[in-house]
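Following: one structure in structure tokens, then a few remarks.
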Amino acid sequence: MSGLEQLYQQIILDHAKRRVGEPLAEPEAGHPAGESHQHNPICGDEIRLRVELDGTTDASTIERVSWEGNGCSISMAAASVLSEMAAGTTRGELLELIDEFREMMRSRGTAEPDEERLGDGAAFAGVSKFPARVKCAMLSWVAAENALLDAAKA
Amino acid sequence: MDSTPTPAVASPEIGLTPAEVGRLRADFPLLTQTPGLVYLDSGATSQKPRCVFEAEQHYYERANAAVHRGAHSLAVEATDQYEAARTAVARFIGADDDELVWTSNATEALNLVAYSCSNASAGRGDEAAERFRLGPGDEIVVTELEHHANLIPWQELAYRTGATLAYIPVAADGSLELDRLDDVVTERTRILAFTHVSNVLGTITDVAAFVARAKAVGALTVLDGCQSVPHLPVDVKALDVDFMAFSGHKMLGPTGIGALYGRRELLNAMPPFLTGGSMITTVTMERAEFLPSPNRFEAGTQRIAQTIGLAAAVGYLDEVGMDRVAAWEEHLGARMAAGLTEIDGVRLIGPGSVERIGTATFAVDGVHPHDVGQFLDSRGVAVRVGHHCAQPLHRALGVTATTRASTYLYNTEDDVDALLSAVADVRGFFGVTS
């Protein structure tokens, strides 16, 4: 695979079009929810992401991740993959996944992602070779982490 | 070793011949040593001819010493070279020696004017500094297409002095609404700061219209020459502006050096921005007297080697001839614009019928500029993507980011064609068909 094809794997290009989790959804009454707005001042990419849970503990289930935003295909695909993967996991599991994703993105292409755990997220391993694009991939994942903290405050 | 360009027969319509450009390219080691590179990001920073860094190296090997201090002959030699560089760069823009102040870059030059106004407003300077004193009720006017460097210093000056910031808006196509000049620039306007050439669109501003209006209301004019001085013949006296800022690294020179042009009587009336050594006459424990311009604004040890490198750069540009550089880039710019317009799903941004330098900014439908830039990079084509330090202009155009290709004298028709062929493949790669 050429560098460009490692960066833009088909899974990423597909998710950039499917945009799972878009648009931003109103949480159901009684469900704790948290929100975060992230902005990359270098390129202007931005995302507003909401996490809806069925409770406030680490064992609580993520009911839904939804978002609105605009940006490059890497940032939009990362938000889509995250939204698809997060639904149905617990709060604790999602926080662990976010840590694993971040570790992979910081690896400069050396990480061997656990596809069983990271699912479509593993396709972003190639992005970690392009330091200028790591922030694109991380934008929504950082938003999810902050939204979970925000939900805990609610 | 000699990287002075070879004069050749001029080609009046397009300035340079492709063969001449081929010979010029041999003077740019980065271009000859990077196979496959199509460098179309000179609007961000230019590549440098060998003579520029040889001039710096020569200075360090033969003449390095502190300037304007020390009695030894090496210090005299360094001072001579430093001042000769000032003369060369001042002449290049049609200014006198004492009207050219060295700065680190254009951003610092613009901040120098803003902070000097701030210091005048705080009571520094004598009666002659009255022109620079701002307060509530006064206005500073900019335009909506400014680079952040010619916007934020004025926003901050307004905050510090209580003055108000107003602006000439752009129309939906990115052209300046010149018919608003009379109602935006009024008797309250003290400073009118505007760009000569848009760094995003490459469009050339009608400087005469701005200067005429500023003179009618007694406002100072500050011109951002970052994108004009490298690409067009510029004569500050003919433009009749009060101040002009420009950067060395965009005009074949080194990084870390830029300059402020100012009318002599204004520079000598303006209280200094940075203060310290080398800009004073008499100093007591209570106060200091300042030197006249330009030393008044050059506190501390200066960027000596960089000034000498920049002088070599303007020597190189003079040798080629700025008229020919401008004509060649206009030719390349027209080729880019025509080619991009023909590609399905590609939209050229900016007004259609305005004079511009060799800059083309565009949108590819369905593909984000970052993805466009990444794809072009995989084909060796280096362009700039993002908001190009002009967020308000992008907001006015209704986009968050764009892709910009910008030429210089060393670009060829083949470079433009490589860009066009790569852009034509972008939508296919990203699977955008509609």
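Throughout, read-outs are computed from the coordinates displayed, never taken from laboratory work. Not measured: the values here are computed from a predicted model. All Cβ positions, glycine included, derive from the backbone under ideal geometry; neighbour counts span all protein chains shown.
Can you tell me the 0 to 90 degree angle between the C-alpha axis of helix B:207-217 and the longest principal axis of chain B, rounded to 10?
Compared with the principal axis, the helix lies near 30 degrees.
As I understand it, the value is the acute angle between the Cα axis of helix B:106-121 and the longest principal axis of the Cα atoms of chain B; what does it come to in degrees, rounded to 10?
That works out to roughly 40 degrees.
To the nearest 0.05, what FRET efficiency results for A:A132 and B:E265 with a Förster distance of 45 Å applied to their C-beta separation?
Working from the Cβ atoms, E equals 0.40.
Over the whole of B:365-376, what's the average partner chain Cβ count within 10 Å per residue? Rounded to a whole number, please.
Other-chain Cβ atoms within 10 Å of each residue's Cβ, averaged: 5.
Once you compute Rg and the Kirkwood Rh from C-alpha atoms, what is the Rg to Rh ratio for segment A:3-153?
0.95
For B:I280, list long-range residues whose amide hydrogen, built 1.01 Å from N in the peptide plane, is under 5 Å from its own amide hydrogen.
Here B:L291 satisfy the definition.
Kindly write out, for segment B:273-280 in residue order, the coupling ³J(HN,Hα) from the Karplus curve 6.51 cos²θ - 1.76 cosθ + 1.60 (θ = phi - 60°), rounded to whole Hz, with x marking Gly and Pro.
Rounded to whole hertz, the list is 9, 7, 10, x, x, 6, 10, 10.
Could you give me D for segment B:324-424, from Stokes-Einstein at 20 °C and 1.002 mPa s, where the hydrodynamic radius is the Kirkwood radius over C-alpha pairs? Units µm² s⁻¹, please.
Rounded, D is 156 µm²/s.
What spacing in nm lies between the two simple spin-label points modelled at B:E286 and B:H72, each 7 Å away from Cα in the Cβ direction?
3.9 nm
Assuming 1.002 mPa s and 20 °C, estimate D for segment B:44-155 with Stokes-Einstein, Rh taken as the Kirkwood radius over Cα pairs, in µm²/s.
In µm²/s, the coefficient is 123.
Could you tell me the calculated FRET efficiency between B:D126 and B:D206, based on Cβ-Cβ distance and R0 = 35 angstrom, to the nearest 0.05?
0.45
If I model the protein assembly as shown as equal point scatterers sitting on the Cα atoms and use the Debye formula, what is log10 I(q)/I(0) at q = 0.10 Å⁻¹?
Values, matching the q order: -0.96.
So for the pair B:E187, B:S353, with labels modelled 7 Å out along Cα→Cβ, what separation do we get in nm?
Going from the B:E187 label point to the B:S353 one covers 3.7 nm.
Could you state the angle between the C-alpha long axis of helix B:50-62 and the longest principal axis of the C-alpha atoms of chain B, as a value from 0 to 90 degrees rounded to the nearest 10?
30 degrees
Could you identify which residue out of B:A337, B:A405, B:A259 has the top mean-square fluctuation in a GNM of chain B using Cα springs shorter than 10 Å?
Its mean-square fluctuation being the largest, the pick is B:A337.
Please compute the Kirkwood hydrodynamic radius over segment B:58-318, one decimal place, Å, based on all pairs of different Cα atoms.
Computed over segment B:58-318, the radius equals 18.8 Å.
What are the DSSP H helices in chain A that stretch 18 Å or more along their long axis, judged by alpha-carbon atoms, and whose average Kyte-Doolittle hydropathy comes to at least 0.5?
Membrane-span-like by this rule: A:73-86.
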